[in-house]
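Written out below as C-alpha cells is the structure these notes cover.
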C-alpha cells in the first residue's frame, strides 16, 4: 500500500496544517532521502549562505548536516498560508560529538508547486 499523497496547493487551514506536519514527520526521521522527497528537482533552497539547487543537492547537504548534527529534532508551527504559500516558525535541536547541545529558531516561507 502506498503512502497518502501530501497536501497540495491551494491550501486551506486543514491542508496547510497537514503539510507542516508532514514536513515535521519527514525531517524527524533523519532520513535525508525521505526528507528530500518534499522538494522538486527544480527546487532552489537557501540555507544561511548556501543556495542548493535540486533534490540531489538537498540530499547531499542533509547527509553531511546530520552527520554533524546528532539526534536532530525539528518542530514547526504554521504561522500563515495563502494559495500556494505557507509560512512556518521552526525550532530545531541537536548536539555535536562532544555533547554540546544547540537550539535554533527561525521562520521559513515556502512556495509550493502543484506537484510538490
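Across region 46-55, the qualifying residues are those that are surrounded by fewer than 18 Cβ atoms within 10 Å (Cβ to Cβ) and in contact (Cβ under 8 Å) with a residue 12 or more places away in the chain, and the one among them that is farthest from residue 107 (Cα to Cα) is 54.
Scan region 61-70 and give yes if some residue there is touching a helix residue (DSSP H, G or I) at 6+ places or on another chain (Cβ under 6 Å) and under 18 Å from residue 36 (Cα atoms), otherwise no. There is at least one residue in region 61-70 that is touching a helix residue (DSSP H, G or I) at 6+ places or on another chain (Cβ under 6 Å) and under 18 Å from residue 36 (Cα atoms).
Confirm whether residue 27 is over 18 Å from residue 113 (Cβ atoms), surrounded by 16 or more Cβ atoms within 10 Å (Cβ to Cβ) and more than 13 Å from the chain's Cα centre (by Cα).
Details: over 18 Å from residue 113 (Cβ atoms): yes; surrounded by 16 or more Cβ atoms within 10 Å (Cβ to Cβ): yes; more than 13 Å from the chain's Cα centre (by Cα): no.
Criteria not met by residue 27.
Evaluated against (1) in contact with a strand residue (DSSP E or B) (Cβ under 9 Å, 6 or more places away or on another chain); (2) under 18 Å from residue 114 (Cβ atoms); (3) touching a residue at least 12 places away in the same chain (Cβ under 8 Å); (4) not in a strand (DSSP E or B), residue 8 falls short on exactly one condition, (1).
Say we look at region 71-94 and pick out the residues that are out of contact with any helix residue (DSSP H, G or I) (no Cβ under 7 Å at 6 or more places or on another chain) and buried (at least 17 other Cβ atoms within 10 Å of the Cβ); which of these is nearest to residue 104 (Cα to Cα)? This residue is 92. Within region 30-45, take every residue that is touching a residue at least 40 places away in the same chain (Cβ under 8 Å) and either more than 12 Å from the chain's Cα centre (by Cα) or under 17 Å from residue 70 (Cα atoms) (or both) and give me the one that is surrounded by the fewest Cβ atoms within 10 Å (Cβ to Cβ). Taking the candidates together, the pick is 40.
Coordinate-derived values only; no laboratory data. Just so we're clear, the structure is a prediction, and the values are computed from it rather than from any experiment. Please note: Cβ atoms are built from the backbone with ideal geometry, for glycine as well, and neighbour counts cover all protein chains shown.
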